[in-house]
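One structure is given below, encoded as structure tokens.
Where a number appears in this text, it was derived from the coordinates with a stated rule and is not lab data. Just so we're clear, the structure is a prediction, and the values are computed from it rather than from any experiment. Reconstructed Cβ throughout: ideal geometry from the backbone, glycine too, with neighbour counts over all protein chains shown.
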Amino acid sequence: GSVAHSEGFSRIIGLNSDGSITKSNTDEPSKLAATSKKRSELFKYQRASCSAMNLFGKDYIDKHGASTKETVNLAYESLSKEQREVYEARRIALLEARKTTSEKTTRKGKGRKVAGGTSVGGGAAGVE
């Protein structure tokens, strides 16, 4: 059994009969292995995030297509100070726009019931 096992093992890892590694396993990686990336490695734009890096990443993938987090991070790190300031300005503008929008949206709470069946805090019940 051990000879058959070692022969099978040699075929799996690509060993020649003399124990050397076959050329195909070292010099010609499969196209699938070279081109496939795990989904978790790809950069994903986060709609809720206002970070300068996230905004840059969206522009980057719009221009270059699907890219890994590492590629986008390296591209961002290679930006000049002036280029980074553009994304910081966009970040600040987006935060201000969100702040303004949330201030305009007031939440009208419904009245809460208290002892005696009256309502406190607005609402039709309890209005005389």
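Roughly speaking, what is the stretch gain from Ala75 to Ala93, that is 0.36 nm per residue apart minus the C-alpha to C-alpha distance, in nm to one decimal?
4.2 nm
Taking H placed 1.01 Å from N in the peptide plane, check which residues at least 5 places from Thr68 or on another chain put their amide H under 5 Å from its amide H.
Here the answer is Phe43, since their amide H atoms fall under 5 Å of that of Thr68.
Could the peptides 48-61, 88-101 be put in order, highest first, of the mean number of other beta-carbon atoms found within 10 Å of their residues? Walk me through the numbers on the way to the answer.
Details: 48-61: 16.7, 88-101: 11.9.
The densest-packed peptide leads the list: 48-61, 88-101.
Using 1/(1 + (r/R0)^6) with R0 = 22 angstrom and r between the beta carbons of Glu41 and Val86, what's the FRET efficiency to the nearest 0.05?
Using R0 = 22 Å, I get an efficiency of 0.25.
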